[in-house]
Each structure stands twice: as structure tokens, then as C-alpha cells.
Amino acid sequence: MMTPANPKGIRVDLQLIADMIEPGTRVLDAGCGHGDLLEYLWRFKQVDARGIEISTQGVQACVSAGLSVVQGDVETDLKDYPDDAFDYVILSQTLQAMHEPREVLGQMMRIGKHAIVSLPNFAYWRLRLYLMLKGRMPMSESLPYEWYNTPNIHFCTIRDFVALVGEMGLTIEQSLFLDEEGTSKTIGNSVAVANWFGEQGVFLLRK
Amino acid sequence: MTADDTPPAGSDLAYANGEWTLPGERVRLAKGAPLRLDSGVELHDVHVAYQTWGELNAEKSNAILVCHALTGDHYMVEDHPVTGKAGWWSQVVGPGRVIDTDRYFVICSNILGGCMGTTGPQDINPDTGKEWGLDFPVITIGDMVRAQKLLIDHLGIKSLFAVIGGSMGGMQVLEWACQFPDNVFAAIPIATAARHSAQNIAFNEVGRQAIMSDPDWCGGNYHAEGKRPHRGLAVARMAAHITYLSEAALTRKFGRNLQDRDAVTYGFDADFQVESYLRHQGSTFVDRFDANAYLYITRAMDYFDIAQRHGGHLSDAFTDTPVRFLVMSFTSDWLYPTRDNREIVHALNAGAANVSFVEIASDKGHDAFLLDEPEFHKVLEGFLEGCAEHRGLRRKSP
């Protein structure tokens, strides 16, 4: 399916997520920020798009832009939704900031037919090298935090995530990694390659 | 004089020589089929006073109903005909404003049980020819909404683009969404709750007791006795007014400042500015409000509990609702705190309803929805804009 050109220029990982979503479906973006992805999905894929966002500025921006977004905490509020309420539940760049990532992923799979998760890969070769040579917690352009102020409290690798998905009995329908040039490649069976060269991974899951 | 324009025996404000004198429209509804109240009583003749702004479009798809709060009325834009003060939502409703009357057809009606033209306890009971007084049936928020529905039907509007209201107005919004989900496109309950809490009931009871312990209340027959329970009603207003503010707002506005004096007087005059302010609030309120109406309306609020009608499950009230919701609360509102508003959101989420929720940072307390709060106005305007796009409402050409 062709995705129309995007005048807003959403982030490349958000574009990958958007491309995984069938038009006209029901979508919940858990942790939707200022609503870039939601707005794209609404305008270009005619999606019934909903969001949860914890920051006041984010929610105000979304609602002011005509998006349906609830101010709340993904960690506690997913349980309010009924089973299979959505076709897709998206969690982009947020799983590693959850206190109970496995619990959150379980809730996503309960309320959605599919879950889409994107996460930074802590086994990316530059981060491995950083830790090995400097002996300090890795920082990079996309991970600009010090160890003491990072919101990312549950870092994992692409391999870790694939293992968790297996443990939970979920099926990976599609998996991509983004290399340092921002080019997306299929993970498929080459988890080892993705785990070395992927800055982030994007997974489409189903029960 | 026909039955249609019989003046309420005790109306102080609205009639002169038997003529309805206040601005706005006033229609007689429920003539054929009576309005059946939650109490089981049937009202056969209901007057509804209302005002409209803007123009209804050809498709009749741009109508917004604004529901007023306990002591509000339908004079929300122009200066109030009795007090001369600016309309209670004049900052929000008007040409080019948040609720743009160049674009939307805006309706606001006085609630059932009110005292500004819609049938209430100060009106004539058609069965007896005398003032209702305490014989007026106890009404509910649901009854108020059914009376509004009669008005909307009378105006020939099938589906309201939006129903908006704060505080008790928000309760009416929730009732609209529950009772008439197919007649409402968007619902915006603001600073409200799906049921009155023990604390809410407690404050209302203080107000009612203040009125009923005023000897001039005369068991509710004060009009016939030629008296007015002004002191009781003023005290009720003073107590309630405190709940509309916040400690921070009171401190900022008054602190411990003294009123026109340099030292305390060792007496019970209004030494402090805050006392003087509350006394002023109380004394001006009695000029525009009826004591029995205050009793009836606060009772309706206390009885409000949507979940109770749905086996205790609020979410069951909104299952599969097609209505788009925007719930808003204010951080310093302790009368209808964010917690109460969030309960509504949780219930709507449980029904997978289309809901937005924003908590607005403000130190102005419950009354923030009536005041100049730019973030609040921005969110409200943006939400309406988004809904208009979803409903395919075209912008009025310039």
C-alpha cells in the first residue's frame, strides 16, 4: 500500500509505524507526545485515532489540534480499556521508560488486536563500544541522558525484546531495524545483525 | 390575559403589569404530551426561557447548546438584564470568540426549576391557580435535560453539534449524552462529576438550612406573606461562594487585608476584606435569585448519580456511545476535583468511547471555567474546530 507523501515530515520511525497500519482502523497511541503520528494517521489513513499522553503541553497540543487524547499515565491507564478495543496499540520509544514493561506489553495485547512497539537498541555497536572503551553509561544523540536523570529505566536490546515476545507467546508479524543512516531493514531471522547494527527496532505483534 | 402569560405571583423581576419584560424568548412547551419527571409527577405546561446567538445553517447541523450552572441563567453573553454585569460566558461566546457565533448557532435556556423565566417553584400551578412554592415537584438534572430536549425539538434541531457546560452545566451535558446519544455529536462536560459527593451534598445542605432557618422564608410561602428570605439566601450564597474559589485565590485577592480601616475594631463588623467581599456577594445575589429555586436546584444536584441508574457501573451509561467527549478539570478545583472528572474519563474509556481529557493548571478554583484562562479557551476552541472538521462543518466564508 502506498503511503501519501507527508507534508509534516514525521520522524522516520513514526513513518515506519504508520506504514504498518491498515487504513480505516482503530488505533491507540500510548504516549502520543504532541500527536504527530496520530494526526498523520487521521489525515492520511482515515484512522479512528486516540492517544494517551502524560505531559500537559502534549495533551493540550493534541486536543487543540482536534485529536482525541486523554491526559494520563500509560503505565496505569491501559487497564481501563476493554478487551480488543483497538486494531493497533502503539508504544513508540516508551517501553524502556515503564516500571513494568512486560505488564504494559500484556495490557497492550489485551486491548489491541495488534501491538506496535519501537524501542532503542542498547546493543547497538556504538553503545557497546562506548561502554567498553569509556567504562561509562553510553550516551548518544538519541540517548542524551546521564544515568541519573534518564527516563529510560528498563533498557533492553533487540534480542532481549525478541526473547520477551517469545516468552509471552506473541507472534511477530513484522520487524524492522533502523541503522545509523536511518535506513530501515527487515530483522526477520537475522536478529544478530539487527542487534549489532540497529539503533532502534520496530515490531508489529499479534496474539 | 391568557393562561400563556399568567405572571408568577411572586416574580420580582420578570413581569411588569402582567407582561414578560426580560429579554430573550419564552415558549410554552409540553402542551400536548406532559413532561414526565423522574419523581413520577407530570408537568402539563412548561415555560422555557432561552436566548440564541448566531444563525442556524440550512442543514441545522451547527447548533451548540450551552448548559448553565446552579446560579447561572441564559443571559450569558450580553449584560445581565437585572444586575447589569457582563454575561457569565461573555468571554467565551460571541463573534470570533471560542464559541464563535459567526459560525455556530448557540442556544442557552434557563433550567427547569430556575427563576429567570423557565417553570419553577415561583410560577403558578395551573391546577390551583396559586404559586407552586414547595408544592412544586422535586426535579432532577435528567428532568432539566428533558425540558431542554423539548426546546431543541421545538427549534426543529435533530442533532446538536455540541452540548457544553461547567459544574451543574456539566452534569446536564452528561445527561444529554446518556439520554440522547444520537442527538449529540460532541459533549463537553467541564469541572463536574458524574455524581454528587458527600462533601457536595453537605455544602448544599448548609445553603438550604440557611434559607429555611430564615423566619422570612415562611415555610416556602414568603411571596404570599409579602416577605423575602434575603438573609438566609445571602448566607447560602456566601457559603457556596467559598467553595467556588481556592485558598490560593482568596489569599492572593484578600490575604488578611482590612476593609477601609487601619486596625481591627474588636467587633463583628466586616473588618476583613474577605468578609466584605462575601457579604457583597450574598447581598447582590438575592436581587436576582429566588430562594425556593435555590432549594430545588441544589436538591437536583444532590440526587445526581448516573452510575446508580446503571447498576452502579458508570461505564454502562456510555457503552458504544457515538458521542465525542472532551472532559476538562482545573488543578485547584476542590468542589469538583480532577479525581471526579477523571472518573468520567475512566468510564468512557471502559466503553472505548471517543474521549479527550485535559487538566488545566489554574489556581482560581472551581470558578476557573468562568474566568480568563487562555489554555482552557485554547483547548475548547481546538476541540470544537476538530469536531467541526470531523462533522464536515464548513467554515463560514469570510
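Here the simple spin-label model places points 7 Å from the Cα toward Cβ, and for A:R206 and A:Y145 these points are separated by 3.4 nm.
The slack in the chain from B:D216 to B:H44, taken as 0.36 nm per residue of separation less the alpha-carbon distance, amounts to 58.9 nm. Per-peptide packing, taken as the mean over residues of other Cβ atoms within 10 Å, places B:361-370, A:165-174 in the sequence B:361-370, A:165-174 from highest down. Model label points for B:Y266 and B:H390, set 7 angstrom from Cα along the Cα-to-Cβ axis, are 6.6 nm apart. Its Cα gyration tensor gives chain B an equivalent ellipsoid, and the semi-axes of that ellipsoid, as √(5λ) in whole Å with the largest first, are 31, 28, 21.
Cβ-Cβ distance of B:S159 and B:D305, R₀ of 35 Å, FRET efficiency by 1/(1 + (r/R0)^6): the value works out to about 0.80. Using the beta-carbon distance between A:R136 and A:V12 and R0 = 41 Å, what value does 1/(1 + (r/R0)^6) give for FRET efficiency, to the nearest 0.05? In this case the efficiency is close to 0.90. Its Kirkwood hydrodynamic radius, worked out from the mean inverse distance over all distinct Cα pairs, puts the protein assembly as shown at 26.8 Å.
Where only DSSP H runs of four or more residues are counted, chain B gives -9500 deg cm²/dmol as its mean residue ellipticity at 222 nm, each run worth -39500 (n - 2.57).
Paramagnetic label reach from B:R279 (point 7 Å along Cα→Cβ; backbone nitrogen cut-off under 11 Å): within segment B:228-270, residues B:259-260, B:268-270. Springs between Cα atoms under 10 Å define the GNM used for chain B, and in it the highest mean-square fluctuation of B:E59, B:E78, B:E205 occurs at B:E59. Label-to-label distance for A:M20 and B:K85 is 5.5 nm, based on points extended 7 Å past Cα in the beta-carbon direction. Calculated mean residue ellipticity at 222 nm for chain A: -9500 deg cm²/dmol, from DSSP H runs with n ≥ 4 weighted as -39500 (n - 2.57), summed, divided by the residue count and rounded to 500.
Using a/c under 1.5 as the rounded threshold, could you call segment B:292-332 rounded, prolate or oblate? The axes a ≥ b ≥ c are square roots of the C-alpha gyration tensor eigenvalues, and prolate needs a/b larger than b/c, oblate otherwise.
Oblate, because a/c is 1.5 or more while a/b does not exceed b/c.
Computed extension length for B:E59-B:K130: 21.2 nm, one decimal, from 0.36 nm per residue of separation with the Cα-Cα distance subtracted. Here the extension length gained between B:Q209 and B:D363 equals 52.5 nm, from 0.36 nm per residue of separation less the Cα-Cα distance. Where in segment B:131-168 are there trypsin sites (Lys or Arg not before Pro) that are in a DSSP coil and have at most 15 other Cβ atoms within 10 angstrom of their Cβ? Sparse-neighbourhood loop trypsin sites (Lys or Arg not before Pro): B:K158.
Taking a ≥ b ≥ c as the square roots of the eigenvalues of the Cα gyration tensor of segment A:12-206, is the shape rounded (a/c under 1.5), prolate (a/b larger than b/c) or oblate?
Prolate, since a/c reaches 1.5 and a/b exceeds b/c.
In order along segment A:164-172, the phi-based Karplus estimate (6.51 cos²θ - 1.76 cosθ + 1.60, θ = phi - 60°) of 3J(HN,Hα) comes to 4, 4, x, 4, 7, x, 8, 9, 8 Hz; Gly and Pro are listed as x.
Rule-based calculations on the coordinates, nothing more; no lab input. Computed from a predicted model, the values in this text were never measured in an experiment. In this analysis, Cβ positions are derived from the backbone assuming ideal geometry, glycine residues included, and neighbour counts consider all displayed protein chains.
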